[in-house]
Amino acid sequence: MEIVFITDENYALATRAAIRSVLANATGGAATPLTVHVICVATTPLTMEKFRALGARVIEKDNRFAGVGAAHPHVSKAALWKFELPNVFTDLDKILYLDGDVIVSGDLRELWHTDLADDYVAVVRDVGVHNQLARLGLSDYFNSGVMLLNLAAMRRDDVPGKLLEYKTQPGINPGFMDQDAFNVTLSAGARLVGMQWNVLLTRRNQPEYAALDGVANWKIAHFCGREKPWNDMGAPLVATWLKYLSPEDFHTCLAAWFARERDKINALERTVSDLEQRLASLAKARYFWRVLFYEKRVDADGGVKRKFKLFGLGIWSLRKRQNLRVARVLGVKISWHRGLVLTDPASGLRYLDRARADKKINRLRKSGVLARHRQRRLIVSLTSFPTRMYDAHYCLYSLLTQQCRPDRVILWLAPAEFPNGESDVPPTVTRLKKFGLEIRWCEDLKSYNKLLPALAAFPDDIIVTADDDIFYPPDWLAKLYAAHRQRPGLIHCHRAHFLFNGSAEFLPYRQWRKCVSGSAPSVFNFLTGCGGVLFPPGALHPDVTRRELFQKLCPTADDVWFWGMAVLRGVKINVVNGHTARLVYVNLARETRASGEPILWSVNLLDGGNDRALNNLLTAYPALTVTLQTARYDELEQLPLGRAASRI
């Protein structure tokens, strides 16, 4: 068995490792004698002596192909001596050529005894080479790193001359030093052998190698491409390759690794130093820019003022505070509002800029609900009454312009309050039906109509309740639905109060900790419907729909009733991440009671309606008290509220 390597000084260390792997895995004995030939191209006498020490026959050659074709940084021109192999080994009819960047893990006799007949070469198909096939116009393409060559047939047909003739043509790709020439010249006389005889490690994940079922079945591994183990300690099979190094070669390789890593560190240090200098220069430039041309200030109230100057003289400024914009151009003041939300300086409440909202509503063109429903529908449900209907369309518009579109938006109305049906509904509301709003009729349950009719009509769907006097932000529903998908067994809300405030005593409603955030899901999170609440199917106790009970116990406090039904069911309430705690009111005058309109929260908060409803609920349902006592020990003992009280 005649095995041939070609090397120059750069590939000498790798070639010695390849030779050791061949010798270590040869099992032919006297039946198949093995001779290793090494063509050394422009190498030192010491390098050639190291090959002879391995028992190899050394053939010294000059670098006569240095001027042939273009150079490439990762491919040696010594490889072009492959063209001359039939003329170098005139006494041999067949050789097995191996690149120096391979390691052999099995006996090569099976490959050596491949019957070539009249073919020039036995090779392994290359993988992932669609570009080469298209570029060369070939139907197949092989890698020239492992080749069983029929030297007799190649000499007969003057293949060396044809190979060199192809290589000397102008425009030949230098990245495939000899490989393109072999493929074009020998395509008609190439015989393909199994993939295990030349596994290209840079493409080891290609599906063509899947049948080999792992490294154990590879006969020859080829470090083709840039990942060479002597340069890169992260190369594949580097530990296997290191086994075939002599102690001297191992230390040489290790020194090269450290030198390369040291160069990377030095380059990084130079980059950091250069960046520090650039930052220092930038700081100086920013100072002069601020003095001469541009200045930015942030006021104590959060307002931002930007002033543009020409060599220190102010020519243009812009001040932003909430939605107000005030500009001065050469001393002339211009002011305007942006967005739909304003803040009342007296009360601190946020309210809707209805004039700007009207313009957006008139420009509404797109449906606000999904055309194809989810498997478990997401339904937004709310109610209203005649004295609210004149501005309910603002809330409905916000529900129909959500980033996460619901499957349905349903407005529940009582026929007793609208005796003429939709004729009594303002056109500003009915106009929204073409954008997905549904108006449905139910018995008069007052504020309970926002949830109970929907529970009866859609028991297997997700119900999200809203209040008709709130303008909801575009991401309101998306946050609720995202929280539900992550934790479907909870009730999710944007706004909740905690039933305790600084101690474990059960306190009156006005002393609860308001608008909690960042708290864990808890039965002590009291949901407030104005912020929006998502109820998954089956989240409430079956008594939730018993009219005679809720009208007796909680006639005006629907939030208390729904919270109690959730606790009895054993379902905790979660405040969503990024919750909307500060509400945007549709009608500021109503919320500040300047309009004289009755509002439900004043009855429940100022007149003690919530406390009465809660006491009624605890009295009617002793199990609710037991559940809260149990939860107190499970939850409140973990909170920084001091010693837990002995009773609720």
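Suppose we filter the range 47-78 for residues that are at pLDDT 90 or above and either assigned to a strand (DSSP E or B) or among the acidic types (Asp, Glu) (or both); how many remain?
Of all residues in the range 47-78, those at pLDDT 90 or above come to 47-61.
From what is left, the residues that are either assigned to a strand (DSSP E or B) or among the acidic types (Asp, Glu) (or both) are 49, 57-61.
Residues meeting the conditions: 6.
Scan the range 179-189 and give yes if some residue there is part of a loop (DSSP other than H, G, I, E, B) and aromatic (Phe, Trp, Tyr), otherwise no. Step through it out loud before you land on a result.
The first filter runs over the range 179-189 and keeps only residues part of a loop (DSSP other than H, G, I, E, B), leaving none.
No.
When only residues in the range 1-19 that are closer than 16 Å to Arg57 by Cβ and not aliphatic (A, V, I, L, M) count, which is most open to solvent (accessible area, probe 1.4 Å)? Within the range 1-19, the match that is most open to solvent (accessible area, probe 1.4 Å) is Glu2. Looking across the range 476-501, the residues that are in contact with a helix residue (DSSP H, G or I) (Cβ under 6 Å, 6 or more places away or on another chain) and not in a strand (DSSP E or B) come down to His494, Arg495, Asn501. Residues that are out of contact with any Ser or Thr (no Cβ under 7 Å at 6 or more places or on another chain) and part of a helix (DSSP H, G or I) within the range 141-169 comprise Leu151, Ala152, Ala153, Met154, Arg155, Arg156, Pro160, Gly161, Leu164, Glu165, Lys167, listed in sequence order. Each residue in the range 421-442 was checked for being free of Cβ contacts under 8 Å to residues at least 24 places away in the same chain and outside any helix (DSSP H, G or I), and 0 of them qualify. Entry remark, the range 395-424: residues being under 38 Å from the mean Cα position of the chain (by Cα) and of a type in the set (Asp, Glu) number 1 in total.
Within the range 506-525, not a single residue is of a type in the set (Gly, Ala, Ser), modelled with pLDDT of 95 or more and crowded, with 19+ Cβ neighbours inside 10 Å. For the range 29-49, the criterion of being charged (D, E, K, R), open to solvent by 70 Å² or more (accessible area, probe 1.4 Å) and either over 17 Å from Asp249 (Cα atoms) or within 52 Å of the chain's Cα centre (by Cα) (or both) is satisfied by no residue at all.
For the range 564-581, indicate whether the set of residues that are outside any loop (DSSP other than H, G, I, E, B), at pLDDT 90 or above and surrounded by fewer than 19 Cβ atoms within 10 Å (Cβ to Cβ) is non-empty. Walk me through it before giving the result.
So in the range 564-581, the residues outside any loop (DSSP other than H, G, I, E, B) come out as 564-569, 573-575.
Subset that is at pLDDT 90 or above: 564-569, 573-575.
Pick out the ones that are also surrounded by fewer than 19 Cβ atoms within 10 Å (Cβ to Cβ) and you get 569.
Scanning the range 564-581 turns up at least one residue that is outside any loop (DSSP other than H, G, I, E, B), at pLDDT 90 or above and surrounded by fewer than 19 Cβ atoms within 10 Å (Cβ to Cβ).
Need at least 1 residues that are surrounded by fewer than 21 Cβ atoms within 10 Å (Cβ to Cβ) per element, so show me which strands (runs of 3 or more DSSP E) inside the range 79-131 make the cut, counting only ones lying wholly within it. Lay out the reasoning, then the answer.
Values: elements: 94-98, 102-104, 121-125.
In the range 79-131, the matching strands (runs of 3 or more DSSP E) lie at 94-98, 121-125.
I'd like the full set of residues that are out of contact with any Lys or Arg (no Cβ under 7 Å at 6 or more places or on another chain), surrounded by 14 or more Cβ atoms within 10 Å (Cβ to Cβ) and not in a helix (DSSP H, G or I), limited to the range 395-416.
Looking only at the range 395-416, we keep the residues that are out of contact with any Lys or Arg (no Cβ under 7 Å at 6 or more places or on another chain), and these are 395-406, 409, 411, 413-416.
Narrowing further to those that are surrounded by 14 or more Cβ atoms within 10 Å (Cβ to Cβ): 395-402, 404-406, 409, 411, 413-414.
Correct list: Leu400, Thr401, Gln402, Cys404, Arg405, Pro406, Val409, Leu411, Leu413, Ala414.
Asp543: of a type in the set (Asp, Glu) and touching a Leu at 6+ places or on another chain (Cβ under 7 Å), yes or no? Spelling it out, Asp543 is indeed of a type in the set (Asp, Glu) and touching a Leu at 6+ places or on another chain (Cβ under 7 Å).
Which condition breaks for Asn143 when tested against (1) in contact (Cβ under 8 Å) with a residue 24 or more places away in the chain; (2) under 22 Å from Gly28 (Cβ atoms)? Failing condition for Asn143: (2). For the range 474-505, the tally of residues that are open to solvent by less than 10 Å² (accessible area, probe 1.4 Å) and at pLDDT below 85 stands at 3. One residue is enough: does the range 443-460 have a residue meeting the conditions farther than 29 Å from Met565 by Cβ, assigned to a helix (DSSP H, G or I) and touching a residue at least 24 places away in the same chain (Cβ under 8 Å)? No: the range 443-460 contains no residue that is farther than 29 Å from Met565 by Cβ, assigned to a helix (DSSP H, G or I) and touching a residue at least 24 places away in the same chain (Cβ under 8 Å).
Could you tell me which residue of the range 550-563 is surrounded by the most Cβ atoms within 10 Å (Cβ to Cβ), considering only residues that are in contact with a helix residue (DSSP H, G or I) (Cβ under 6 Å, 6 or more places away or on another chain) and part of a helix (DSSP H, G or I)?
Trp561
Of the residues that make up the range 123-137, is at least one in contact with a strand residue (DSSP E or B) (Cβ under 6 Å, 6 or more places away or on another chain) and not β-branched (Val, Ile, Thr)? Within the range 123-137, one or more residues are in contact with a strand residue (DSSP E or B) (Cβ under 6 Å, 6 or more places away or on another chain) and not β-branched (Val, Ile, Thr). For Leu138, the stated conditions do not hold, so it cannot be described as in a strand (DSSP E or B), open to solvent by less than 40 Å² (accessible area, probe 1.4 Å) and free of Cβ contacts under 8 Å to residues at least 60 places away in the same chain. Contact map, the range 252-269: residues that are under 19 Å from Ala17 (Cβ atoms) paired with residues that are open to solvent by 90 Å² or more (accessible area, probe 1.4 Å), Cβ distance under 6 Å, separation 6+ or inter-chain. Pairs shown: Trp257/Met233.
Taken over the range 330-359, the criterion of being in contact (Cβ under 8 Å) with a residue 40 or more places away in the chain and under 19 Å from Tyr394 (Cα atoms) is satisfied by Leu340, Val341, Asp344, Leu349, Arg350, Tyr351, Leu352, Arg354, Ala357. Here Pro427 fulfils each of the conditions (1) within 35 Å of the chain's Cα centre (by Cα); (2) surrounded by fewer than 19 Cβ atoms within 10 Å (Cβ to Cβ) apart from (1).
The values are calculated or read from the model by the stated rules, or taken from the named source; none is laboratory data. Given the structure is predicted, the values throughout are model-derived calculations rather than measurements. Note that we place each Cβ from the backbone using ideal geometry, even for glycine, and neighbour counts take in every protein chain shown. Accessible surface is based on the protein model in full, side chains and every heavy atom, while ligands, DNA and RNA are left aside. Shrake-Rupley method; radii C 1.70, N 1.55, O 1.52, S 1.80 Å.
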